[in-house]
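Below is one structure, written out as structure tokens, with a few remarks after it.
The values are calculated or read from the model by the stated rules, or taken from the named source; none is laboratory data. What you see is a predicted model; the values in this text were computed from it and never measured. FYI the Cβ positions are ideal-geometry reconstructions off the backbone, even for glycines, and counts take in every protein chain you see. Surface accessibility is based on the protein's heavy atoms, side chains included, excluding ligands, DNA and RNA. Shrake-Rupley method; radii C 1.70, N 1.55, O 1.52, S 1.80 Å.
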Amino acid sequence: MNENESKYQAPALDKGLDILEYLSAQSIPLSQSEIAIGIDKTPNEIYRMLMSLESRGYILRDEVSGKYRLSLKLFYLSHRHSPVDELRKAAQFPLEELADTVRQSCHLSILYMNQVMVIIHAKSPGPIALSIEEGNLFPLPLTASGKVLLAYMNEAERSTVLKANPIYKKYPKPKRDEFLASLANIKETGAYFKPSDLAEGVSDISLPIGKHSTNGIIACLTISMLSTLNINKNIKNDEILAEANKCVKKIEQRIGVLGL
């Protein structure tokens, strides 16, 4: 731990956040002892934190078992962020329309804490579909959305983000140069279309939203296609790309960012 980290530590806050993060990763309610073991604390150490979180409505305790689970308060607070909420509202119908037209799943992502966050997802109407949960975080260098978001950053911002990224830092210099060249190509062509680096058998088409904005792009639209399936082969990739561009324009019009 460096000097700056120790200087600004808040142990009580850290324990409270540890509890919330641990509960969010569990699928069942947990007892005080189970939570303590999970975050490497003693039950006595977290007692006051649990009481405080319960009184503030962040966690709920079952009257019979006495076990704790998350309430919906964090979900409620996260959805009070008006820019994201407005973007979700603006994108919902165009995304659903796009998914229905190309018969593939699609989603909208933004940059959050130097990661890709999926903020809205539209499922394919087909019997077999790829599902990407809203709120999930993904690494920037390994995702189509992340590459598009990086491609449209200004050089200084991109350099700062990549220097702090643990995946990019492990790349040897030739691979870094190749990666940066690919970002330049994305910005030049205005789209990204390649097999996924995260999921085998999946291909992604990604486009920026708001690339004509003076403040940089707002989000990224991605269509994730199950390339191993034999269904929907009658829809060509260039047709899917054209429909994706139409969707982007509709979203931009709804949020007041018009293409030039």
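Residue-wise test of (1) touching a residue at least 60 places away in the same chain (Cβ under 8 Å); (2) small (Gly, Ala, Ser).
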| position | (1), (2) |
| --- | --- |
| Ile46 | no, no |
| Met51 | no, no |
| Ser55 | no, yes |
| Leu60 | no, no |
| Arg69 | no, no |
| Ala90 | yes, yes |
| Glu96 | no, no |
| Thr101 | yes, no |
query: So, of the residues in segment 13-52 that are within 19 Å of Lys73 (Cβ to Cβ) and acidic (Asp, Glu), which turns out to be surrounded by the most Cβ atoms within 10 Å (Cβ to Cβ)?
result: Asp18
- request: Considering each residue of segment 12-40, count those that are farther than 22 Å from Glu63 by Cβ and outside any helix (DSSP H, G or I), and give that number.
  value: 3
query: For segment 156-196, what are the residues that are open to solvent by less than 90 Å² (accessible area, probe 1.4 Å), under 30 Å from Asp238 (Cα atoms) and touching a residue at least 40 places away in the same chain (Cβ under 8 Å)?
result: Ala191, Tyr192, Ser196
- prompt: For segment 130-140, does any single residue satisfy the condition of being within 18 Å of the chain's Cα centre (by Cα) and assigned to a helix (DSSP H, G or I)?
  reply: yes
message: Being touching a residue at least 24 places away in the same chain (Cβ under 8 Å) and either farther than 17 Å from Thr143 by Cα or open to solvent by 80 Å² or more (accessible area, probe 1.4 Å) (or both) is the filter here; which residues of segment 197-217 pass it?
response: Asp197, Leu198, Gly210, Lys211, His212, Ser213, Gly216
message: Just to be sure I understand, how many residues within segment 80-112 are basic (Lys, Arg) and under 27 Å from Gly201 (Cα atoms)?
response: 1
statement: Reported set for segment 105-129 where residues are part of a loop (DSSP other than H, G, I, E, B) and either in contact with a Cys (Cβ under 7 Å, 6 or more places away or on another chain) or open to solvent by less than 30 Å² (accessible area, probe 1.4 Å) (or both) is Ser124, Gly126
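Pull up segment 53-71, narrow it to residues that are assigned to a loop (DSSP other than H, G, I, E, B) and among the hydroxyl-bearing types (Ser, Thr, Tyr), then point me to the one that is most open to solvent (accessible area, probe 1.4 Å). Steps first, please.
Let us first name the residues in segment 53-71 that are assigned to a loop (DSSP other than H, G, I, E, B), namely 56-58, 62-67, 71.
So of that shortlist, the ones also among the hydroxyl-bearing types (Ser, Thr, Tyr) come out as 58, 65, 71.
On the way: Tyr58: 46, Ser65: 70, Ser71: 23 Å².
Across segment 53-71, the extreme among qualifying residues is Ser65.
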